[in-house]
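The values are calculated or read from the model by the stated rules, or taken from the named source; none is laboratory data. From a predicted model like this one, the values you see are computed outputs, not experimental measurements. Neighbour counts run over all protein chains shown; Cβ positions are idealised from the backbone, glycine included.
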Amino acid sequence: MLRRIPLGKMNNLRDLGGYPAGDGVTVWERFLRGDNPAGLSEQDIQWLRERDITTIVDLRSGEELARQPDQLRGQPGFLYHHCPLVGIEKLPNLEADIGRAYFEAMDRLTCVGRAMRILAAAPGGVLFHCTAGKDRTGILAMLLLSLAGVAREDILADYQISETYLAEIIQLIQLRVPDLAAFAGQSRREYLEECMDLLLDKYGSVPDYLRAAGLTDGELETLRHKLLA
C-alpha cells in the first residue's frame with residue numbers, strides 16, 4: 001500500500017500504517033497525517049469515506065483556519081474538530097531552537113491531551129493535520145508511533161520525509177518571500193530527536209507524558225488497539 005497519498009493539492013498526506021511495532025505492524029488506513037486538505041475533488045472525498053476516515057482533527061490556529069478553511073469541514077460523513085496546538089504556529093528565529101520549541105508546545109498539556117483524546121474516541125479512521133503537515137502534525141505522529149512501539153529510527157524517518165514532499169512548495173514560497181528562513185521547510189531528524197529527549201527527561205516515557213496530559217490508561221489502550229489491531 002502507498003504511504004504517501006496523492007489527494008487534491010495535498011503535498012504531505014501519509015498513512016501511519018505499515019511500520020514494524022513489536023511483533024506486528026501498525027494498521028493501514030487508521031491514522032492519516034497531512035497538510036491542510038485543499039483542492040479535493042468529490043472522488044478524493046469519496047476515497048476517504050470509503051476507507052472509513054470519519055474524523056478530521058485540525059491542529060491549526062484560528063487565524064490559519066480563517067485564511068485557509070479545511071475543505072472537509074461540514075462535509076457529510078465527517079466529524080470535524082478544531083484543536084489548535086499552540087506554540088509552534090511560527091518557527092523560532094534560530095534553527096537551534098526548533099526541537100525545544102516542539103517540546104514547549106507539547107508541554108502545554110491541555111492542547112495535546114485534547115487532541116489525543118479525540119483520536120482515541122474517534123469512531124473510525126482519523127485524518128489529523130496542520131498547515132504543512134510537518135511540525136504540529138509531526139508531534140502527534142511521533143506520540144502515536146511511540147505508543148505503538150515503533151522504533152525510534154522509524155519515527156524519525158517518518159518525520160524527516162516531510163522535507164522531501166514539501167520541497168517544491170517551499171521553493172515557491174521562498175521566491176515570494178525571500179527573507180523566509182532557510183530552515184523553514186526542513187524536518188531534520190535532530191529537531192524531533194531533541195524534542196523526544198526532552199520529553200523523556202521530564203516525563204520518563206510517552207505513556208507517562210500522555211497520562212500527565214490527562215489520558216486514562218483505558219484511552220492509552222484504546223489508542224494502542226487502534227494502531228495495532
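Within region 40-59, the set of residues being crowded, with 17+ Cβ neighbours inside 10 Å and farther than 20 Å from residue 16 by Cα comprises 40 only. Restricting attention to region 60-81, the residues being more than 19 Å from residue 124 (Cβ to Cβ) and either of a type outside the set (S, T, N, Q) or not in a loop (DSSP other than H, G, I, E, B) (or both) number 8.
Considered as a group, the residues in region 1-25 that are within 18 Å of the chain's Cα centre (by Cα) and outside any loop (DSSP other than H, G, I, E, B) include one that is farthest from residue 227 (Cα to Cα), and that residue is 4.
For region 15-34, what are the residues that are surrounded by 13 or more Cβ atoms within 10 Å (Cβ to Cβ), of a type in the set (D, E, K, R) and without any contact (Cβ under 8 Å) to a residue 40 or more places away in the chain? Reasoning before the result, please.
Within region 15-34, the first condition is being surrounded by 13 or more Cβ atoms within 10 Å (Cβ to Cβ), and the residues that meet it are 15-21, 24-34.
This time we only want the ones that are of a type in the set (D, E, K, R), so: 15, 29-30, 33.
Scanning region 15-34 gives a single hit, 15.
Here are 57, 112: which of them is closer than 21 Å to residue 158 by Cα, touching a helix residue (DSSP H, G or I) at 6+ places or on another chain (Cβ under 8 Å), in contact (Cβ under 8 Å) with a residue 24 or more places away in the chain and not in a helix (DSSP H, G or I)? Criteria check complete, one pass: 57.
Against the list (1) in a loop (DSSP other than H, G, I, E, B); (2) without any contact (Cβ under 8 Å) to a residue 60 or more places away in the chain; (3) more than 17 Å from the chain's Cα centre (by Cα), the condition residue 44 fails is (1). Scanning region 15-35 for residues that are modelled with pLDDT under 95 and out of contact with any helix residue (DSSP H, G or I) (no Cβ under 6 Å at 6 or more places or on another chain) returns 22, 23. For the criterion of being in a strand (DSSP E or B) and either out of contact with any Lys or Arg (no Cβ under 8 Å at 6 or more places or on another chain) or of a type in the set (A, V, I, L, M) (or both), residue 32 passes. Pairs meeting the criteria (first residue in region 194-214 and free of Cβ contacts under 8 Å to residues at least 24 places away in the same chain, second residue part of a helix (DSSP H, G or I) and of a type outside the set (A, V, I, L, M), beta carbons under 7 Å, at least 6 apart or on different chains) are 203/209. Out of 92, 123, 178, one residue alone is in a loop (DSSP other than H, G, I, E, B) and modelled with pLDDT of 95 or more. It is 123. Only one of the listed residues (76, 84, 37) is crowded, with 21+ Cβ neighbours inside 10 Å and on the phi < 0 side of the Ramachandran plot. That residue is 37.
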